[in-house]
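The values are calculated or read from the model by the stated rules, or taken from the named source; none is laboratory data. Model, not experiment: these values are computed from the prediction. Note that we place each Cβ from the backbone using ideal geometry, even for glycine, and neighbour counts take in every protein chain shown. Protein only, heavy atoms only, side chains kept; ligands, DNA and RNA dropped before computing areas. Shrake-Rupley method; radii C 1.70, N 1.55, O 1.52, S 1.80 Å.
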Amino acid sequence: MSGGVLLTKKDFSSDQEVRWCPGCGDYAILASVQSVFPELGIPKEKFVVVSGIGCSSRFPYYMNTFGFHTIHGRAPAVATGVKIANPDLSVWIATGDGDALSIGGNHIIHLMRRNVDVKVMLFNNRIYGLTKGQYSPTSEVGKKTKSTPFGSVDRPFNPISVAIGSRASFVARSVDVYAPHLKEVLHAAAKHKGTAFIEIFQNCNIFNDLAFEQYREKELRDDNVVHLKHGEPLIFGKAKDRGIRMNGFTPEVVTLGNGVTEKDLVVHDVKAPAAYAFMLSQMEAPAFPTPIGVLRDIDAPVLEAAMHRQIDDVVASKGKGDLQALIYGGETWDVV
């Protein structure tokens, strides 16, 4: 609703021609976001979408909201300023694996550490698509690209592990073609107070096609993905007959039956210590099913609230500041 008017997906679709490659996973993500925004009960004029540089960063053009297409890796800095100056806005970042984790690596970790109430959608396609196919910070070891013709020797970032290590208070993962699931995750992120980090596996069908085929293909996904649901055991597989059990401090895949029951399995808890979420983030196919859903959702102080509270306290005790007096005050130094 906005001013008593029921909003629809069409209200969030701009008149700009969408210029992604035919078949790109970005289309599915865009459709999900445009479907979710009108369902959040936030007035349309309160949305801001901020991006950096890359294919995913064309997102603000296609959203009929306020927005900024900023410079490479700096969307977190701009979004932080927008949110601090206007706490009542719903601020979303659209970024890619290169934009967020390479050029903007320093900015994204401090956004999450500070817990600014901003939602981050990281489109992970494990490649630099806009510049036509160089390996990215999330490309796997051995990845052959135009910039690594004999295979990458870099150890890749795991975006979820980076987010948890940066103390993000909400961390989730979905897949571009899982429309209902992605919408559910976006809703959960919108409700969260603080930085919400969402990794979205996104297929780049031109420069890194099939990178996530084990998660996107219907015949393969059930054996390679575990859907996380708070309070429920970690069960996966086409027959729902396998699960995750702890063997000391080490997770292991077990088959239900022959004395193994659901009671032996790990029960998902979004508010568990960070070590648990980090363990989940390290589970990857084919050794483990890759977790999909909300890994972590905890309460933590929000930056802009703390900042405005501090300003109010100082003004109450010392009165409003005087910028001219500050500039021409005695706290100066002579450089000789």
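Given the conditions (1) in contact with a Gly (Cβ under 9 Å, 6 or more places away or on another chain); (2) part of a loop (DSSP other than H, G, I, E, B); (3) open to solvent by less than 40 Å² (accessible area, probe 1.4 Å), report the number of the one that residue 194 does not fulfil. The one condition residue 194 does not meet is (1). Restricting attention to region 26-74, the residues being closer than 22 Å to residue 177 by Cβ and not aromatic (Phe, Trp, Tyr) number 20.
As a summary of the residue check, residue 87 satisfies the conditions (1) in a helix (DSSP H, G or I); (2) surrounded by fewer than 21 Cβ atoms within 10 Å (Cβ to Cβ) except for the one numbered (1). Filtering region 46-73 to residues that are over 19 Å from residue 189 (Cα atoms) and open to solvent by 50 Å² or more (accessible area, probe 1.4 Å) leaves 53, 58, 61, 64, 66, 68, 69, 71, 72. Residue count for region 132-156 satisfying the condition of being modelled with pLDDT under 95 and under 15 Å from residue 105 (Cβ atoms): 1. Inside region 267-312, can you point out the residues that are over 17 Å from residue 174 (Cα atoms) and open to solvent by less than 20 Å² (accessible area, probe 1.4 Å)? Scanning region 267-312 gives 272, 302, 304. Suppose the filter is open to solvent by less than 20 Å² (accessible area, probe 1.4 Å) and in contact with a strand residue (DSSP E or B) (Cβ under 6 Å, 6 or more places away or on another chain); does residue 186 pass it? Against the criterion (open to solvent by less than 20 Å² (accessible area, probe 1.4 Å) and in contact with a strand residue (DSSP E or B) (Cβ under 6 Å, 6 or more places away or on another chain)), residue 186 does not qualify. Taking the numbered list (1) surrounded by 20 or more Cβ atoms within 10 Å (Cβ to Cβ); (2) under 25 Å from residue 137 (Cβ atoms) in turn, residue 102 passes all entries but (1). At least 2 residues being buried (at least 17 other Cβ atoms within 10 Å of the Cβ), in contact (Cβ under 8 Å) with a residue 60 or more places away in the chain and in contact with a strand residue (DSSP E or B) (Cβ under 9 Å, 6 or more places away or on another chain) is the threshold, and among the strands (runs of 3 or more DSSP E) wholly inside region 215-266 those reaching it are 225-227.
Looking at region 152-183, which of its residues are hydrophobic (A, V, I, L, M, F, W, C) and over 15 Å from the mean Cα position of the chain (by Cα)? Break it down stepwise before answering.
Residues of region 152-183 that are hydrophobic (A, V, I, L, M, F, W, C), as a first pass: 153, 157, 160, 162-164, 168, 170-172, 175, 177, 179, 182.
153, 177, 179, listed by residue number.
When residue 275 is tested against (1) assigned to a helix (DSSP H, G or I); (2) of a type in the set (A, V, I, L, M, F, W, C); (3) touching a helix residue (DSSP H, G or I) at 6+ places or on another chain (Cβ under 8 Å), just one condition goes unmet, and that condition is (3).
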